[in-house]
Amino acid sequence: MPESHSVTNEQPPPEALPSGYFSAGTTQTGDSRLSPTPSRTSTQSERKKPHLRPVWIVLLLLIPCLGLTFYYAYVAVPGGEEKGSLLPSASYALVLLLVNLDLIGLVVLTLLLSRNLIKAYFERRHRLVGSGFRTKLIAAFIGFSLIPTVLLAIVASGFLNKAVDVWFSERIENVMRDSYEVAKLQQAGHIALAVNSARAISQEIYREDMLLPEQRDLLIAAMARKRAEYDVAGIEVFSNKMEVLARTFDTSVPEGVLDLPVSQLVLQVINGKQESTSVQEAQSGRLVRAAIPVPSGTKSAEVAGVVVVETYMSESLLNKMESISRQYEEYKQIKAMKNPIKAGAYLVIAIVTVMILFSATWFGFYVARGITVPIQRLAEATEAVAQGNLTVQIDAKATDEIGTLIESFNRMTQDLLISKSKLEETNLTLRHINVELDRRRAYIETVVATIPTGLISIDRQGIVTTFNPSGERILGLAGDQLRHRPANEVFKEFGLDVFQTVYDRLLAGERHEVSVEGQLDVHGTLIMIRLRGSRMTDETNQDLGFVLIFEDLTELIKAQKVAAWQEVARRLAHEIKNPLTPIQLSAQRLRKKFAERSPDFDRVFDEATTVIINEVGGIKHLLDEFTKFARMPVPQMARQSLHEVIQEVAAMYRSVQKNIDVILELDEDLPFLNFDREQIKRVFINLFDNAIHAMNHEGRIWVTTKYETKRKRAVVIVADEGPGIPPEDQERLFVPYFTRKKSGTGLGLAIVRRIITDHDGHIQAGHNQPKGAVFTFELPV
């Protein structure tokens, strides 16, 4: 802490004080100021001017001189007489002169500052009031500026030395030399491109025999295609008589470049029967030509023609190549001045360092103001704040910069107190949020662990991150066998083909959701699972990975099959029982008439046998339909047009049913689908038959197709204007042997649903507006 001095009777009289004592301003003692008398003030002003005037004169001369030095050293001189040159010019002598003037000015300024330092030393020895504080302040300015300035100068010198070494390192030189070599190899690359392209084109012309007159159009088209393929400036094909057979040029090449003479090159190849190249200069660039002979198809030793391939080197490319060469030469020249450059940079650092030290010393002489009391209070308050007391406030009267500092400190402590309160509130809120997040995380983990369905999650890198206990039970695998391993590796190792199929579809981006059913071999036991895969995204629609949810359908399918066959058996027994009653009655009637020897026995016999034959035929038809339903063939899949099948069925019904109007609304964007043509055709026939029967063979049928691009599904809608579907029949509509028709078997819609399911699709029925029924089914694309 600076010392606080009081005015006492031991203070020497004013005439005993050295000249310049009051030159740094008044000295604060406690909370009071020592103000000099008017006579003393006038004496101070008179003494102040003489020793300040030389300093200001030196500064006024030194600062412009330093500015001129930097200007000529870094702006005017480096450019030289040649634009873009890095070498110094003749003006370098002016820079040396300015540097010498700068050194002289610095020496003079050093002498003036030394005079003030010596004066401060003698004031300290006489123990004048304020001299101790002034000395300490000056020493502090010098010390605080000396250490970092010298360190900065040392570090800057080290960095500068390293930077210059890096600039002129072997790696930089290799880069410059490699750039120079690349520039030289650029032309060789154009020649190689022309030669290789010409050889390939010559071989293709020879192989396809394109030089024949009847192949002229093919030759022209092939050359145009090859020019674009090889990205060359032009291709010309000449006969052995130097006739132009085909010619194609790049329109982006400037006019006049490709008009350079080529006949001499072609004649040289024809006569020499070997390939040749040429480089021709133009006003806007350089043209490289490669001529390759085309062997004759009939005479092996003859030349049937010549292929000339031209590549163009633009003027800008040539300029860049020349610029690289020039830069490399300049770099080799400037490298010879490595040490002078280092010396100049060290000189600049030294000048800046000395100027900083001079400025700090001089500034210390002008900052001798009494700041002991406010600074002491500020230091005490700072210590209290450091110990955690944020309620401290400084009560001091000051109107200068110290007062502004104290006000800022008071505001800072208030802001810190408010920030601390807000921070504590925020910390409490974050704790509650973390507790809630932990609770939710535990809840989600509990749900995942206890749900009866299996769950596998895969991150964006394809690594399995989650495998719940239900999944372990269904697949018979331990969680550690799957977690933290690549999904493709796991699926392949354990034979999870169904999972691999769904994962591949999701990776291919075909759909955001994929659902399949399939069989898996789990330790020698075949199980049926339903697997649904979905893509996980966050609130910004960024991809997070995939989740696969699966369940064991083996027991469910067994129960469904048993229930379905029970229902089929019941309905089949009912359908067979219905014709047995008239058969039994006809047989009983026939037996009675025979026993009575009735005279109309022949008529009764004929009627009874007719009934029996008809009912037996009905039973046989019923059994035939059941056999077709039970032995549905495996679909023969082929990628083809669904619209062709729809148009074929519509044309068939239009020709047969004159009172039926079939209206088609087909989506032209619908691509080809993978389906069994005959089975899908049977679907439309069954739906058309149901619609025609519902409308009593008179009305309209609408067939509409739509392509849903996001879901990759084809949607087909078949609607009629019949009476519609009763609500009580909605659930049983696709059940085998359910029908409201007197002559129906009840297997038509069951067969339709079976076919759609076998094609990985689904079908549903609904009400058409304003009347009628509508059947909608979807098929994968």
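Let's see how each residue does on (1) of a type in the set (Val, Ile, Thr); (2) at pLDDT 80 or above:
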position	(1), (2)
Phe491	no, yes
Val498	yes, yes
Asp504	no, yes
Gly518	no, no
Arg535	no, yes
Ala559	no, no
Lys577	no, no
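Before we move on, is Ala478 out of contact with any Asp or Glu (no Cβ under 8 Å at 6 or more places or on another chain), modelled with pLDDT of 85 or more, small (Gly, Ala, Ser) and within 23 Å of Val448 (Cα to Cα)?
no
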For segment 539-551 the number of residues that are closer than 30 Å to Leu526 by Cα and either modelled with pLDDT under 80 or touching a Pro at 6+ places or on another chain (Cβ under 9 Å) (or both) is 1
Output for segment 646-678, where each listed residue is more than 18 Å from Glu778 (Cα to Cα), among the acidic types (Asp, Glu) and either in contact (Cβ under 8 Å) with a residue 40 or more places away in the chain or loosely packed, with under 12 Cβ neighbours inside 10 Å (or both): Asp661
When you check Arg326 against the structure, is it open to solvent by 50 Å² or more (accessible area, probe 1.4 Å), at pLDDT below 80 and out of contact with any Asp or Glu (no Cβ under 6 Å at 6 or more places or on another chain), yes or no? yes
Positions within segment 695-728 being over 53 Å from the mean Cα position of the chain (by Cα) and at pLDDT below 85, in sequence order: Pro726, Glu728
Just one of Ile356, Ile406, Ile402 is over 24 Å from Ile147 (Cα atoms), of a type in the set (A, V, I, L, M), part of a helix (DSSP H, G or I) and at pLDDT 75 or above; which is it? Ile406
When residues of segment 440-460 are filtered for being open to solvent by 60 Å² or more (accessible area, probe 1.4 Å) and without any contact (Cβ under 8 Å) to a residue 24 or more places away in the chain, how many remain? 7
Within segment 423-441, identify whether any single residue is in a helix (DSSP H, G or I), of a type in the set (A, V, I, L, M, F, W, C) and under 15 Å from Gly388 (Cα atoms), and answer yes or no. yes
I need a count of the residues in segment 192-214 that are more than 19 Å from Glu302 (Cα to Cα) and either open to solvent by 50 Å² or more (accessible area, probe 1.4 Å) or touching a helix residue (DSSP H, G or I) at 6+ places or on another chain (Cβ under 6 Å) (or both). 4
Reported set for segment 633-645 where residues are under 38 Å from the mean Cα position of the chain (by Cα) and open to solvent by 100 Å² or more (accessible area, probe 1.4 Å) is Arg639
Just give me the residues in segment 688-730 being polar (S, T, N, Q), open to solvent by 10 Å² or more (accessible area, probe 1.4 Å) and assigned to a strand (DSSP E or B), in sequence order. Thr704
Report, by residue number, each residue of segment 758-781 that is aliphatic (A, V, I, L, M) and either free of Cβ contacts under 8 Å to residues at least 12 places away in the same chain or not in a loop (DSSP other than H, G, I, E, B) (or both). Ile763, Ala765, Ala773, Val774, Leu779
Filter segment 221-260 for residues that are more than 39 Å from the chain's Cα centre (by Cα), outside any strand (DSSP E or B) and without any contact (Cβ under 8 Å) to a residue 12 or more places away in the chain; the one that is surrounded by the fewest Cβ atoms within 10 Å (Cβ to Cβ) is Lys241
Just checking, how many residues over segment 461-476 are within 20 Å of Glu517 (Cβ to Cβ) and either hydroxyl-bearing (Ser, Thr, Tyr) or free of Cβ contacts under 8 Å to residues at least 40 places away in the same chain (or both)? 2
Within segment 364-396, of all residues that are within 60 Å of the chain's Cα centre (by Cα) and of a type in the set (S, T, N, Q), the one modelled with the lowest pLDDT is Gln376
Out of everything in segment 595-615 that is surrounded by fewer than 13 Cβ atoms within 10 Å (Cβ to Cβ) and among the hydrophobic types (A, V, I, L, M, F, W, C), what residue ends up being nearest to Gly748 (Cα to Cα)? Ile613
Counting only residues that are over 32 Å from the mean Cα position of the chain (by Cα) and of a type in the set (A, V, I, L, M), segment 465-501 contains a total of 4
Could you go through segment 584-592 and let me know if any residue there is over 46 Å from the mean Cα position of the chain (by Cα) and either surrounded by 17 or more Cβ atoms within 10 Å (Cβ to Cβ) or among the aromatic types (Phe, Trp, Tyr) (or both). yes
Is there a residue in segment 156-173 that is hydroxyl-bearing (Ser, Thr, Tyr), over 22 Å from Glu322 (Cα atoms), surrounded by 12 or more Cβ atoms within 10 Å (Cβ to Cβ) and modelled with pLDDT under 70? yes
Residues of segment 507-548 that turn out to be among the aliphatic types (A, V, I, L, M), open to solvent by 60 Å² or more (accessible area, probe 1.4 Å) and assigned to a strand (DSSP E or B), as a count: 3
Quickly run through segment 271-306 and pick out the residues that are surrounded by 18 or more Cβ atoms within 10 Å (Cβ to Cβ) and within 19 Å of Leu245 (Cα to Cα). Arg289, Ala290, Ala291, Ile292, Pro293, Val294, Val303, Ala304, Gly305, Val306
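The values are calculated or read from the model by the stated rules, or taken from the named source; none is laboratory data. Keep in mind that this is a model prediction, so the values were computed, not measured. With ideal geometry, Cβ positions are generated from the backbone for all residues, glycine too; neighbour counts draw on all protein chains shown. Note: areas computed on protein heavy atoms with side chains; ligands, DNA, RNA excluded. Shrake-Rupley method; radii C 1.70, N 1.55, O 1.52, S 1.80 Å.
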